Amino acid sequence: MESFNDKKLGALFILLGSLEFYLFTNIAEFVQPVYSVSHNSISHLGIATDPFIFNGAIIVLGILEVTGAYFFRKYSLPFSIFMLLGGIGSAGVGVFNEHYGLIHLFFALLAFLFGSGASYIILVKERKVVTFIWAILGTISILALIFFSIGIVGKDPFFYFGLGEGGMERLIMIPEILWAIGFTSSILFEK
C-alpha cells in the first residue's frame, strides 16, 4: 500500500522545484542586458552576465526532482525513475553549462525527455480526464524537442516555426513545467 504522506511530500518537492525554476529563469532573463527569448537558448542564461541565477535555479530544480522521485517510489516506480532521470538531467544542465557542449546537451536531453515522458506514466496509472491534459502537455514538449533537435543538428531554423531557437526550447520547457505544477498541485489538494 502506498504511503499517502510520501506521495504528498514528493509532490511538494517537485512543485517547489518547478515553481522556483520558472520564477528564477524569468528573473535571469530580466537582468540580462542583451538577451532574446526568441533567439537565445534557455541555457544561454547559464553563461550570461549573471549565470549563477539560472545555474543555481536549475540545480535546485534537479535536487528537488530527485528528492521528489524518492518519495514517489511507492506511488509508481516507473514515474519515480523518470523523475529521477529528469532531475539528474536538470542538475547536470546547471553544473555543465553550454560551454561543455555535448555533455550539456546530454543532460538537457535527459531533463526534457524524461520530464515530459513522466506525464504518460501518470496517464496510464490514473486515467482521469485531467491526466489526458497533462499527457497532451507532455506530447507538446516531446514534439517540440524533436523539432528543436532537428533544427539544432541540421542548423535549419525552419524547424523552429518562426519561434527562434529560444522560443522553440521554451515550447519544450513551459508545457513540461505546467503539467508538473498541475499534477503536483492536484496531489497536494486532494482529500
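The residues of the stretch 118-128 that are of a type outside the set (Asp, Glu) and either under 12 Å from the mean Cα position of the chain (by Cα) or in a helix (DSSP H, G or I) (or both), listed by number, are ALA118, SER119, TYR120, ILE121, ILE122, LEU123, VAL124, LYS125.
Of the residues SER185, SER119, SER141, which is in contact with an Asp or Glu (Cβ under 7 Å, 6 or more places away or on another chain), of a type in the set (S, T, N, Q) and modelled with pLDDT of 95 or more? Steps first, please.
Working: SER185 fails: in contact with an Asp or Glu (Cβ under 7 Å, 6 or more places away or on another chain); SER119 fails: in contact with an Asp or Glu (Cβ under 7 Å, 6 or more places away or on another chain).
Result of the check over SER185, SER119, SER141: SER141.
Pairs linking a residue in the stretch 69-98 that is over 13 Å from SER116 (Cβ atoms) and touching a residue at least 40 places away in the same chain (Cβ under 8 Å) to a residue that is of a type in the set (Val, Ile, Thr) and surrounded by 23 or more Cβ atoms within 10 Å (Cβ to Cβ), with Cβ atoms under 6 Å and 6 or more positions apart or on different chains, are VAL93/ILE58; GLY94/ILE58.
Just wondering, is there one or more residues in the stretch 107-117 that are more than 16 Å from the chain's Cα centre (by Cα) and either outside any loop (DSSP other than H, G, I, E, B) or not acidic (Asp, Glu) (or both)? Before the answer, list the steps.
Let us first name the residues in the stretch 107-117 that are more than 16 Å from the chain's Cα centre (by Cα), namely none.
Within the stretch 107-117, none of the residues are more than 16 Å from the chain's Cα centre (by Cα) and either outside any loop (DSSP other than H, G, I, E, B) or not acidic (Asp, Glu) (or both).
The residue list THR131, THR139 contains one member that is in contact with a Pro (Cβ under 9 Å, 6 or more places away or on another chain) and either surrounded by 16 or more Cβ atoms within 10 Å (Cβ to Cβ) or assigned to a helix (DSSP H, G or I) (or both), which is THR139.
Based on what the data block shows, is SER18 over 18 Å from ILE177 (Cα atoms) and among the polar types (S, T, N, Q)? Quick ask: steps written out before the conclusion?
Numbers: over 18 Å from ILE177 (Cα atoms): no; among the polar types (S, T, N, Q): yes.
No; evaluated as a whole, the condition is false for this residue.
Checked against (1) touching a residue at least 12 places away in the same chain (Cβ under 8 Å); (2) touching an Asp or Glu at 6+ places or on another chain (Cβ under 8 Å), ILE150 meets all criteria but (1). Checked against (1) of a type outside the set (Asp, Glu); (2) over 21 Å from ALA180 (Cα atoms); (3) under 17 Å from the mean Cα position of the chain (by Cα), ILE133 passes all but condition (2).
The values are calculated or read from the model by the stated rules, or taken from the named source; none is laboratory data. The model shown is predicted, which means the values in this text are computed figures rather than measured ones. Reconstructed Cβ throughout: ideal geometry from the backbone, glycine too, with neighbour counts over all protein chains shown.
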